[in-house]
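The values are calculated or read from the model by the stated rules, or taken from the named source; none is laboratory data. These numbers come from a predicted model, not from an experiment. Positions of Cβ are backbone-derived with ideal geometry, glycine not excepted, and every protein chain shown enters the neighbour counts. Note: accessible area is taken over every heavy atom of the protein model, side chains too, but ligands, DNA and RNA are not part of it. Shrake-Rupley method; radii C 1.70, N 1.55, O 1.52, S 1.80 Å.
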Amino acid sequence: MSPRRFALTPGEPAGIGPDLCLLLARQAQPQVLIAIASRTLLAERAAQLGLAIELLPVTPDAWPNAPAAAGRLYVWDTPLRAAAQAGRLDPANAAYVLETLNRAGQGCLAGDFAGMITAPVHKGVINEAGIPFSGHTEFLAELTGTQQVVMMLATAGLRVALVTTHLPLRAVADAITAERLERVTRILQADLVGKFGIARPRILVCGLNPHAGEGGHLGREEIEVIEPTLERLRGEGLQLVGPLPADTLFTPRHLEDCDAVLAMYHDQGLPVLKYKGFGAAVNVTLGLPIVRTSVDHGTALDLAGSGRIDTGSLQVALETAYQMTAGRPQGG
């Protein structure tokens, strides 16, 4: 099988994203990996890190068809809006960050890339620039015209998908409607089958309230929304277990035979997953017409330019994207 092309976006220029790309380039990849980034930024960061990485310019007019050798990195040059310094955020470069994501996403839609892998962005500094932005997931949903997407993080032995993502806690209960829960569950089911090759997924579903509502004494969302929705989907043949109390769901007895956990909100499921596999986990956006994976950590501004970082999560993100597109045509 011939190699496929993948887009790699380094994210926040002041963070560790550029470092991750350069450190990764020390080893050859089995696929064609193209960093969509400022070539100047990468050259300056490589000098700061003491890395001898050859940056090979590429353009959409002449995509490479063979993986770069160790010590080389393909770069689709995307100019910074202002000079970048490791560890120092600058709202002036918010548009640069979004341009790299836009190029990668549009390239996937056009079939130039089989998938895209993203390093962390800093949401706050993008918003400080006056650009509404709540995360990669929402940005790519809008870019691809996707009505509903699902954030899922995965590490060895555990996948956790989310019904709601970046919402204040007081807004979560109102956001968990029967319609939203059904859409998210269907997307999770479809991508576990279609992109991960699991013929009949078994999904454990968290309740929203402590003790899954304890029969209505600690909240009625389980009785009025979650259980009726799950029962309806079970009638179609989906293997859904729950709603279960989140404090007991994440135990070996329950997780042993499950393919994914569906949590109601961000900090219900992700702390467990990150405790289990931080630094070796991947963020996957489900429901998109393209493949997108990402690291499981933030920009780590204090470590940018230091060389004291671990590329493990980025490597897992790459490997997951490769696996999700195995046997599929370029851009498919």
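Based on protein heavy atoms only, the chain ends up with 42 Å² per residue of surface accessible to a 1.4 Å probe. Cα gyration tensor of region 211-332, axes a ≥ b ≥ c as square roots of the eigenvalues: rounded (a/c below 1.5), prolate (a/b > b/c) or oblate? In terms of gyration-tensor shape, oblate. For region 150-274, a/c is less than 1.5, where a ≥ b ≥ c are the root eigenvalues of the C-alpha gyration tensor. That puts it in the rounded class.
On the accessible surface of the chain, probed at 1.4 Å, how many percent belong to carbon and sulfur atoms? Accessible surface attributable to carbon and sulfur in the chain totals 50 percent. Residues considered: 163, 75, 58. Largest GNM mean-square fluctuation over the chain, using C-alpha springs under 10 Å, is found at 58. From helices alone, the chain scores -10500 deg cm²/dmol at 222 nm; the rule is -39500 (n - 2.57) for each run of n ≥ 4 DSSP H residues, then divide by the residue total.
As a ratio to 2.2 N^0.38 Å, the alpha-carbon radius of gyration for the chain is 1.02.
Ordered by 1.4 Å accessible area with all protein chains kept, 267, 112 run largest first as 267, 112. Give me the percent of DSSP beta bridges within region 195-332 that run antiparallel, rounded to the nearest 5. Restricted to region 195-332, the bridges split so that about 30 percent are antiparallel. Considering only C-alpha atoms, what is the centroid distance from region 263-319 to region 146-206, in Å? One Cα centre to the other: 17 Å. I need the shape label for region 66-171. Rule: rounded when a/c is under 1.5, else prolate if a/b > b/c, else oblate, with a, b, c from the alpha carbon gyration tensor. Cα axes put region 66-171 in the oblate bin. Rounded to the nearest 20 debye, the dipole size of region 1-147 about its Cα centre is 320 debye, using +1 on the Cβ of Lys and Arg and -1 on the Cβ of Asp and Glu. Treating region 120-172 as a set of equal point scatterers at the Cα positions, no solvent, please give the Debye-formula log₁₀ I(q)/I(0) at q = 0.16, 0.18, 0.23, 0.28 Å⁻¹. Debye curve over Cα of region 120-172, log10 I(q)/I(0) at q = 0.16, 0.18, 0.23, 0.28 Å⁻¹: -0.62, -0.76, -1.07, -1.17.
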